[in-house]
Every structure is written in C-alpha cells, then in structure tokens.
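All remarks here apply to the structure that follows.
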Amino acid sequence: AAAEARAAAEPDATPVVAPTLPPVAPPCPYRGLFAFREKDAAFFFGREDFVDRLTETVEARRLMAVVGPSGGGKSSVVFAGLLPRLKQASSLRQAQGKAWVSADLRPGNRPFESLAAALVPSGTPDRLAEIQQLAELLRRGALGLAGAVQRLLGSQPDANRLLLAVDQFEELFTVCPEPETRRAFMDCLLEGVRHSPALHVVCTLRADFLGQAFSHRPFADALQDANLILGPMTRQELGRAIREPARKQGVRFQSGLVERILDDVGDEPGNLPLLEFALTALWDRQTNHILTHDAYEEIERVDGALARYADEIFTGLAPHQQDPARRIFVQM
C-alpha cells in the first residue's frame, strides 16, 4: 500500500510489482516407508475389496489373521481400512450402545506388557503402575483377558465390542526370547475370545512365520478357517493407490507418468513400500501442483529412490560413523 501511494505521488516512479511465488504444495498424502494409520484413511486407496471381506470376517469371527508377505500392506488394511470402516458403522449405532472401540499393540519382547498397555486407557492415573500390575495378572493367569476386556468396556458405556489388533504378530517369534512366554501369550488371546463375547482379535502376520504361529496346536485350530491371505495389488489397484491420494490434494500427474510408475513397480513382492517412498520423494519436487517426468528421473524412479536417499544419508555421516553404519546395515 505504501509503495502504491508513493507511485501515485510520483508519476515518473516505476510501480513496485510483487514477485510471483510458486503455489505452496499441499501436505503429502503418501506414507513413505510407514504403514497407513487410522488418521490416513482418507488417502488409503486400492484395497477396497479386501477391506470389505476383512470387515465381514471380523464381524463374524472372534479371532482371525491377515497373512501376507513383508511389505504387502497388512498393517495398512487393518488400521486405515478396517478400523475406520467399523467405527463408521458404529457411529450409526452408538445411541443403542453398540459401538466398537479399538486397542492395538505390537508384541515386542514383552508381549504381556504390550497387551496391558493397549488395555489401560491413556488418562488412567498412575498409568505405568497400572500397566505393570495388569501385565503380571495376565501373565500369571490371575486375571484373564476376558476380565480385562470387561473392565475396559465398563469404563466406556457407549461401546459393547472391542477390536484388539495385534500388529506384526511375528515379533512374538523374532523378538520375544522365551518359548513359554510365546505360548502363554497365545493362550491368553484364546482365553479372551472364548470367554468374552465382546472381544474380537485380528492379527497381522508375515507369511513366512505362519508355520511358527501354527506350531502351537490350539492357536492353529482356532485359525483353521479364519485367516485371510493378502496378495499383491493388481495393476488397477496400484493405479488407484497412486492417482487418488494426489487427486484429493489437488495435484495431478503429467500425462503418461502413472503408467511409467506402474511399469517400474511390476509385481515384485514387497513393492508397496518402495512405491510409497518414491511417491513421497516425487511429491517434494512437484511443479505448480504437477508431478512430472523430469522430477521422476531426478529421484531415480521407483527402484532407485530409496538407494539414492540412503546414499545421501550415508555420505553425510562422519568417517568414524560410516564403518559402524555399514556393519549395522549388512547385519540387518
């Protein structure tokens, strides 16, 4: 305004023109190497048919497993697909006290502590002590999972069903060192679904650990007809997973780019994290809300984006840090 006033007072003065700034990129809807969570449901596309089957199965079964290869999207279909679907249906029935609530955990090296932490509400006074006490009761069988579920639902009168999501169930075998703890944890889950009509348990499990999970006969029997296999996404499903999140954010792909990306993804197992990582890197290089072929080449496409990023991080380390980093990654 001051510049305009000066220009009006001085006819010979050159008008001040504000520089044109490029439009600000909207928040990235892709998840990089991370799974989609419940808060990301608006950007989760491509698995609609599987989520329909999963929802029907969970409504009908008390214990079930989503089984598939590493990087296949098992966690995403549960947290960004199943949970929002159940809660959306619950909102219509909440007045009748028939709503779902959910709790989730990863077993880790102390599965009973993880389970207790999932069942103790975040606002509980002296929550840490409460978690330790509940974990010990569950471990010893002094309180069954059904009793813990009843106690949790008693504090939430608008709900009468609990979905317990045990994510990355294979951690029970890769991280927990004690076979007796593994068996006791599986027995605890079985006791819960047998004695609590309100409890439904869904586990995500890598296919290469199916044999270890089924080595515990009672658990194998319970999952006999209650596991859904999550196969690779079709080209059409992948296309939706690529296009739709960008469209919702008002960003479009240059002509032919989606087809290029689909060709590069192929049908290799575990390709979803690489795809999401490449799309996340591509998002940062958009031009005027357009994702371009040139930017895709800059990130070295789907198969090179992660390697490029890893090299950048590695070369940024001090020399004395690079050798330990190299050893760690080789061991992984």
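The values are calculated or read from the model by the stated rules, or taken from the named source; none is laboratory data. Since this is a predicted model, take the numbers as computed values, not measurements. Reconstructed Cβ throughout: ideal geometry from the backbone, glycine too, with neighbour counts over all protein chains shown. Just so you know, the surface numbers come from the protein's heavy atoms only, side chains and all, with ligands and any DNA or RNA stripped out. Shrake-Rupley method; radii C 1.70, N 1.55, O 1.52, S 1.80 Å.
Numerical summary
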{"read-out": "Filter pass, Leu134 being open to solvent by less than 70 Å² (accessible area, probe 1.4 Å), more than 20 Å from Glu38 (Cα to Cα) and touching a Gly at 6+ places or on another chain (Cβ under 6 Å)", "value": "no"}
{"read-out": "Tally of residues being hydrophobic (A, V, I, L, M, F, W, C) and in contact with a His (Cβ under 7 Å, 6 or more places away or on another chain) across the stretch 211-254", "value": "1"}
{"read-out": "Qualifying residue in the stretch 182-198 (condition: more than 28 Å from Arg151 (Cα to Cα) and not in a helix (DSSP H, G or I))", "value": "no"}
{"read-out": "Members of the stretch 103-134 found to be among the small types (Gly, Ala, Ser) and either at pLDDT below 95 or not in a strand (DSSP E or B) (or both), listed by number", "value": "Gly108, Ser114, Ala116, Ala117, Ala118, Ser122, Gly123, Ala129"}
{"read-out": "Filter result for the condition that a residue is free of Cβ contacts under 8 Å to residues at least 12 places away in the same chain and either of a type in the set (Val, Ile, Thr) or within 22 Å of Glu56 (Cβ to Cβ) (or both), over Thr204, Thr234", "value": "Thr234"}
{"read-out": "Selected residue (criterion: nearest to Leu33 (Cα to Cα)) from residues of the stretch 225-248 that are over 21 Å from the mean Cα position of the chain (by Cα) and in a loop (DSSP other than H, G, I, E, B)", "value": "Ala226"}
{"read-out": "Qualifying residue in the stretch 139-161 (condition: in contact with a Pro (Cβ under 8 Å, 6 or more places away or on another chain), closer than 20 Å to Leu82 by Cβ, part of a strand (DSSP E or B) and not aromatic (Phe, Trp, Tyr))", "value": "no"}
{"read-out": "Near pairs, Cβ below 8 angstrom, 6+ apart or cross-chain, from the stretch 280-307 (touching a residue at least 12 places away in the same chain (Cβ under 8 Å) and over 15 Å from Gly32 (Cβ atoms)) to any residue that is aromatic (Phe, Trp, Tyr) and in a helix (DSSP H, G or I)", "value": "Leu291/Trp283"}
{"read-out": "Subset of the stretch 138-181 [touching a residue at least 60 places away in the same chain (Cβ under 8 Å), closer than 13 Å to Ser114 by Cβ and surrounded by 15 or more Cβ atoms within 10 Å (Cβ to Cβ)]", "value": "Leu164, Ala165, Val166, Asp167, Gln168, Phe169, Glu171, Leu172, Cys176, Thr181"}
